[in-house]
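J.: One structure, as structure tokens, below. Some questions next.
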Amino acid sequence: MASGFFGVVFMIVGGTLILARSGWIIDRRQGRVVEWHGLIVPLKRTIHPLAQFQGVRLDCRREGETANCSVQLTAAEGAAGVTVERTADYHRARKTAEELARFLGKPLEELSEGRRVVREPGYLDEPLRERVRRLKENPGFFPPQPIPMRTRVEQTAEGVILSIPGPPLGLRQIFPLAASAVLAGFAVFVFLPGLLSLPAPAIIHYLFAGFIVIFAVLMPLLSSVLAIVRSAGRKTRITATRVLLSVEESVGGKTTRREIPADELEELEFADRRSALKEIDLPGMKKLKDFGDTGRPRFPDGRPVPGILLALMKMVPSQGITARSDKTTIVFGQGLPEAELAYLHALILKALTD
């Protein structure tokens, strides 16, 4: 009797999960956005006036190796926006956001990699080169070349070639190896003697010793050493011309190459500290439109950033340069100093747009 009852309960719950549906209907003629939920057919509807929405927002945040992207219809200040889609697929979210912005004739605001980019509905697929020329976005100055610089720069008749070696041996590479060594020492000098002192046949002691040596000593140490070797052997080669952006990465003898044609490349961004600070949004913070360069990093409301926060931000490795088209996203130069990234970004932008 009880098993039958629980079977019916699980069948109802499972059926609900399988048949549950939700979606959106955007009706420009009637000026409304309808959110619906139901089982197979809509059962509940919530209607929002279309006039309250001012644009579309694509918000992507990286959590480890995965991305968390949401597409939202944004409302005027004081009114609630609505989330149309959530997905871990950036390009799917980007496609949805562009279709919505184009259909509604609203600007698309994108927040990702610490940068904010706004595109008008008539220019959603505009190549980077055309946008730079249309808006005259070429900077009036060229960032100075930092000295020393890890990247080797080779100017060619067609553009520029950048060669980035693997990171030098530093605390970030040594720390995992040191932690593995400490763990191995604890296992050999503390944990293993206690196990071997237990009354047991010699074969059991051998098994204990072999297990500890293999899984607590050799494997962690070998994994850390291989990670250092792979990191040191990493090489990145970027080729930028008026026709193509190509990024070739070599790791452990394996080479991968990704390309974006120049007429498909829509964004080339890198997030510096100032840009990241400008996107901070704290409760009750009143953002100023522009307070200029005061010589000291500041929050969006004009308050100086505490020195300890700046020191912590400098410890976080840079996210590199991000190149995007509707089909491909390429990230390179992670961990390079901010000044070097600014210089490389300017070199690549010049090669692509000249």
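Laboratory data are not the source of any read-out in this text; all were calculated from the coordinates shown. In this text, all values refer to a predicted model and were calculated from it rather than measured experimentally. Glycine gets a Cβ as well: all are built from the backbone with ideal geometry, and neighbour counts include every protein chain shown.
J.: For an R0 of 35 angstrom, estimate the FRET efficiency from the Cβ-Cβ distance between A179 and Q145 and round to the nearest 0.05.
T.: Values: r = 37 Å, r/R0 = 1.06.
Efficiency, from the Cβ-Cβ distance: 0.40.
J.: Among Y123, Y343, Y206, which comes first, second and so on when ranked by fewest other beta-carbon atoms within 10 Å? Provide the component values of the computation, followed by the final result.
T.: Values: Y123 15, Y343 20, Y206 11.
So the ranking, lowest neighbour count to highest, is Y206, Y123, Y343.
J.: So if I take the alpha carbon set of the stretch 70-134, get Rg, then get Rh from the Kirkwood formula, what is the Rg over Rh ratio? Spell out each step's value before the answer.
T.: Working: Rg = 12.6 Å, Rh = 12.9 Å.
Radius of gyration relative to Kirkwood radius: 0.98.
J.: Based only on other Cβ atoms within 10 Å, what is the fewest-to-most ordering of I26, I164, I147, I214? Kindly include the intermediate steps, with their values, before the conclusion.
T.: Details: I26 16, I164 24, I147 6, I214 10.
Lowest to highest Cβ neighbour count: I147, I214, I26, I164.
J.: Here's a follow-up. Karplus couplings for the stretch 51-62 from phi (6.51 cos²θ - 1.76 cosθ + 1.60, θ = phi - 60°), rounded to Hz, Gly and Pro as x?
T.: Computed from phi, the couplings for the stretch 51-62 are 5, 7, 9, 9, x, 10, 10, 10, 10, 10, 10, 8 Hz.
J.: Cα-Cα pairs above 13 Å in the stretch 171-233: how many percent? All intermediate terms of the calculation are to be shown ahead of the outcome.
T.: Numbers: 1236 of 1953 pairs.
Here the tail beyond 13 Å accounts for 63 percent of pairs.
J.: Hey, another quick one. What full-extension length gain, to one decimal in nm, is calculated for Y206 and A51 as 0.36 nm per residue of separation minus the Cα-Cα distance?
T.: Details: separation 155, 0.36 × 155 = 55.80 nm, distance 7.55 nm.
Net length gain for the segment: 48.2 nm.
J.: Amide H of R32: which non-local residues (sequence gap of 5 or more, or other chain) have their own amide H closer than 5 Å, using H built in the peptide plane?
T.: D27, L50
J.: Could you list V247, V217 in order of exposure, starting from the residue whose Cβ has the fewest other Cβ atoms within 10 Å?
T.: Values: V247 22, V217 18.
Fewest-to-most Cβ neighbours within 10 Å comes out as V217, V247.
J.: So who's got an amide H within less than 5 Å of the one on E85, skipping anything under 5 residues away but keeping other chains? H placed 1.01 Å off N, in plane.
T.: Sorted by chain and number, the residues that satisfy this are V71.
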